[in-house]
Amino acid sequence: MKTKQKKMNARVDFTPMVDMMMLLVTFFMLCTTLAKPQTMEIAMPTNKTEEKNRSQVDTKEAVTILLDENNRVFYYKGKPADAASNIHEVYFLSGKPSGDLKSLHEVLKKANPAYEKAEKIRTDYEARLNAAVGSAKGAREAIQAEFEEKFNEAKSEKGTPQVIIKPTDASTYDNLIETLDEMTLCNIGKYVIVPIDEADQATLDNYKKTL
Amino acid sequence: MGRFKIKKADLFIDMTPMSDVMLLLLTFFLMAGTFTKPEPVQVQAPGSISDIKIPSTDILTIYVSTPKGGNVAAVPDIYLTLDNAPIVNQLAGGIKKLPLCGKIKQEDIDEFKKSQSIKVSIGEMVADRGSQDDATTDSQFKQIIKQVRTIYNDINKKAKGDNPDATERNLRIAIKSDKNTPYSTIKLVMNSLQDIQENRYNLLTELKSRPTE
């Protein structure tokens with residue numbers, strides 16, 4: 001008896017393979033990080049230098065920012081002695097403004113006479129860098145180096161404010177980072193983070209009582 | 001005129017193109033990704049407009065956790081994580097000999113070798129800040145960071161001896177802290193770093209876009 005030869009189907013079913021691939025893709029998607037974390041570079045003053053030298057700030061150009069609990073921010077311009085009559089509450093851009101407060105961003109921009117100039121340098125640089133896309137790496141690095149020099153010079157020229165950031169213990173890390181961000185946004189070249197002293201704490205407490 | 005014959009539809013779908021695409025995706029993720037290292041604590045870093053990328057090697061990360069529920073009075077945990085396994089092993093071998101570090105349990109050292117993270121005592125850091133500036137009372141936190149710095153200096157010195165043009169391996173210190181960590185804790189970490197002359201460091205953040213005017 002002759003058996004009938006069945007015609008073999010040459011097509012292979014790929015569905016299980018696709019299933020497996022899908023699983024692998026999902027696994028790698030969940031287990032890998034594509035982006036490196038962002039960072040903010042800061043340089044703190046050493047504590048070996050004399051206390052006097054460190055806090056020597058031209059009081060006329062000083063802007064002191066006090067970070068308080070519950071994401072509240074206060075600032076005053078000028079000498080700590082006149083702080084009581086100068087102190088105002090402001091708000092962070094990320095926070096919800098209540099009442100007729102100004103934003104910290106607005107205040108710092110106004111206090112910085114070099115803001116417009118530095119901003120122009122930055123936008124010019126970005127335009128130049130975009131135009132230089134695809135050109136040699138060396139050429140782009142030269143543009144960047146030139147920008148940094150000009151930008152830093154503009155940011156710290158005479159008359160620009162010196163910002164003193166004084167966070168209270170009850171403020172959060174997020175508040176500090178947001179304040180440091182404002183320094184970048186408002187093109188402020190000179191700023192320091194110092195612990196709050198008793199006089200400032202007293203001024204702050206008294207001011208809050210009047211609100 | 002003849003009638004059109006209705007063709008019987010083939011229910012068999014060809015999966016080959018799909019398989020091709022999947023393979024491409026798989027290759028992409030394999031090549032482009034790096035495995036996420038397990039972090040000692042879950043930390044939600046604050047957003048910042050700063051877009052500087054941190055290099056991926058030779059980083060000592062200081063993790064500062066937030067107490068559960070944003071309780072300011074509770075004590076947060078501080079972990080030190082080093083991303084370089086040979087240096088972790090070298091450090092773990094000598095850690096007991098450092099002053100004040102004799103108290104560290106053997107299990108913790110074994111865990112350090114395995115996970116590359118070590119928890120340091122925060123109470124000691126507070127006590128150390130209150131005492132005189134004296135190297136013998138330095139907290140575990142300071143001791144370990146100083147030791148890591150010494151190891152890196154030795155490596156660089158040795159590399160320079162072998163080949164004067166060798167590129168230096170630069171240890172960077174990064175702080176990864178939670179959004180809601182109270183400033184008092186950050187201050188403790190920053191002041192402790194300042195005491196041991198580590199004045200340049202990175203604050204790790206999530207990318208946030210510039211606010212539009």
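The values are calculated or read from the model by the stated rules, or taken from the named source; none is laboratory data. Predicted model only: the values in this text are computed from it and were never measured. Cβ sites come from the backbone with ideal geometry, for glycine too, and all protein chains shown count toward neighbours. We work out accessible area using only protein heavy atoms, side chains counted, and drop any ligands, DNA or RNA first. Shrake-Rupley method; radii C 1.70, N 1.55, O 1.52, S 1.80 Å.
I'd like to verify a number: residues in segment A:181-195 that are in a helix (DSSP H, G or I), over 17 Å from residue A:148 (Cβ atoms) and open to solvent by 50 Å² or more (accessible area, probe 1.4 Å), how many?
Residues in segment A:181-195 being in a helix (DSSP H, G or I), over 17 Å from residue A:148 (Cβ atoms) and open to solvent by 50 Å² or more (accessible area, probe 1.4 Å): 0 in total.
Yes/no per residue for (1) in contact (Cβ under 8 Å) with a residue 60 or more places away in the chain; (2) assigned by TED's automatic domain parsing to the domain that holds residue A:70; (3) among the aromatic types (Phe, Trp, Tyr):
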{"site": "A:105", "(1), (2), (3)": "yes, yes, no"}
{"site": "A:150", "(1), (2), (3)": "no, no, no"}
{"site": "A:167", "(1), (2), (3)": "yes, yes, no"}
{"site": "A:188", "(1), (2), (3)": "yes, yes, no"}
{"site": "A:201", "(1), (2), (3)": "no, yes, no"}
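State whether the residues of segment A:39-50 include one that is in the same structural domain as residue A:84 (by TED's automatic domain parsing), open to solvent by less than 80 Å² (accessible area, probe 1.4 Å), modelled with pLDDT of 80 or more and closer than 27 Å to residue A:113 by Cβ.
Let us first name the residues in segment A:39-50 that are in the same structural domain as residue A:84 (by TED's automatic domain parsing), namely none.
Within segment A:39-50, not a single residue is in the same structural domain as residue A:84 (by TED's automatic domain parsing), open to solvent by less than 80 Å² (accessible area, probe 1.4 Å), modelled with pLDDT of 80 or more and closer than 27 Å to residue A:113 by Cβ.
Right, residue B:150: surrounded by 12 or more Cβ atoms within 10 Å (Cβ to Cβ) and at pLDDT 80 or above or not? Break it down stepwise before answering.
Values: surrounded by 12 or more Cβ atoms within 10 Å (Cβ to Cβ): yes; at pLDDT 80 or above: yes.
When the stated conditions are applied, residue B:150 passes them.
Does residue A:97 fit the bill of being touching a strand residue (DSSP E or B) at 6+ places or on another chain (Cβ under 9 Å), modelled with pLDDT under 80, within 10 Å of another protein chain (Cβ to nearest Cβ) and part of a loop (DSSP other than H, G, I, E, B)?
Details: touching a strand residue (DSSP E or B) at 6+ places or on another chain (Cβ under 9 Å): yes; modelled with pLDDT under 80: yes; within 10 Å of another protein chain (Cβ to nearest Cβ): no; part of a loop (DSSP other than H, G, I, E, B): yes.
For residue A:97, the condition - touching a strand residue (DSSP E or B) at 6+ places or on another chain (Cβ under 9 Å), modelled with pLDDT under 80, within 10 Å of another protein chain (Cβ to nearest Cβ) and part of a loop (DSSP other than H, G, I, E, B) - is not met.
Which ones in segment A:154-180 are away from chain B (no Cβ under 12 Å), assigned to a loop (DSSP other than H, G, I, E, B) and surrounded by fewer than 20 Cβ atoms within 10 Å (Cβ to Cβ)? Full working, then the answer.
Restricting attention to segment A:154-180, the residues satisfying the condition of being away from chain B (no Cβ under 12 Å) are A:154-164.
Then drop every residue that is not assigned to a loop (DSSP other than H, G, I, E, B), which leaves A:156-161.
Scanning segment A:154-180 gives A:156, A:157, A:158, A:159.
Tally the residues that are open to solvent by less than 10 Å² (accessible area, probe 1.4 Å) and either free of Cβ contacts under 8 Å to residues at least 60 places away in the same chain or at positive phi (or both), restricting the search to segment B:184-200.
2
Kindly check whether there is at least one residue in segment B:163-179 that is open to solvent by less than 70 Å² (accessible area, probe 1.4 Å), in contact with a helix residue (DSSP H, G or I) (Cβ under 9 Å, 6 or more places away or on another chain), under 19 Å from residue A:165 (Cα atoms) and among the charged types (D, E, K, R).
yes
Is at least one residue of segment A:196-207 surrounded by fewer than 14 Cβ atoms within 10 Å (Cβ to Cβ), among the hydrophobic types (A, V, I, L, M, F, W, C) and not in a loop (DSSP other than H, G, I, E, B)? Give the derivation first.
Residues of segment A:196-207 that are surrounded by fewer than 14 Cβ atoms within 10 Å (Cβ to Cβ), as a first pass: A:197-199, A:202, A:205-206.
If we keep only those that are among the hydrophobic types (A, V, I, L, M, F, W, C) too, we end up with A:199, A:202.
Among the residues that remain, those that are also not in a loop (DSSP other than H, G, I, E, B) are: A:199, A:202.
Yes, segment A:196-207 contains at least one residue that is surrounded by fewer than 14 Cβ atoms within 10 Å (Cβ to Cβ), among the hydrophobic types (A, V, I, L, M, F, W, C) and not in a loop (DSSP other than H, G, I, E, B).
Which number in (1) buried (at least 17 other Cβ atoms within 10 Å of the Cβ); (2) under 30 Å from residue A:198 (Cα atoms) marks the one condition that residue A:147 misses?
Unmet condition: (2).
Among the residues of segment B:154-197 satisfying the criterion of being of a type in the set (A, V, I, L, M, F, W, C), assigned to a loop (DSSP other than H, G, I, E, B) and under 22 Å from the mean Cα position of the chain (by Cα), which is farthest from the other protein chains (Cβ to nearest Cβ)?
So the residue we want is B:171.
Within segment B:75-95, work out how many residues are open to solvent by less than 20 Å² (accessible area, probe 1.4 Å), in a helix (DSSP H, G or I) and at pLDDT 80 or above.
Here the count works out to 4.
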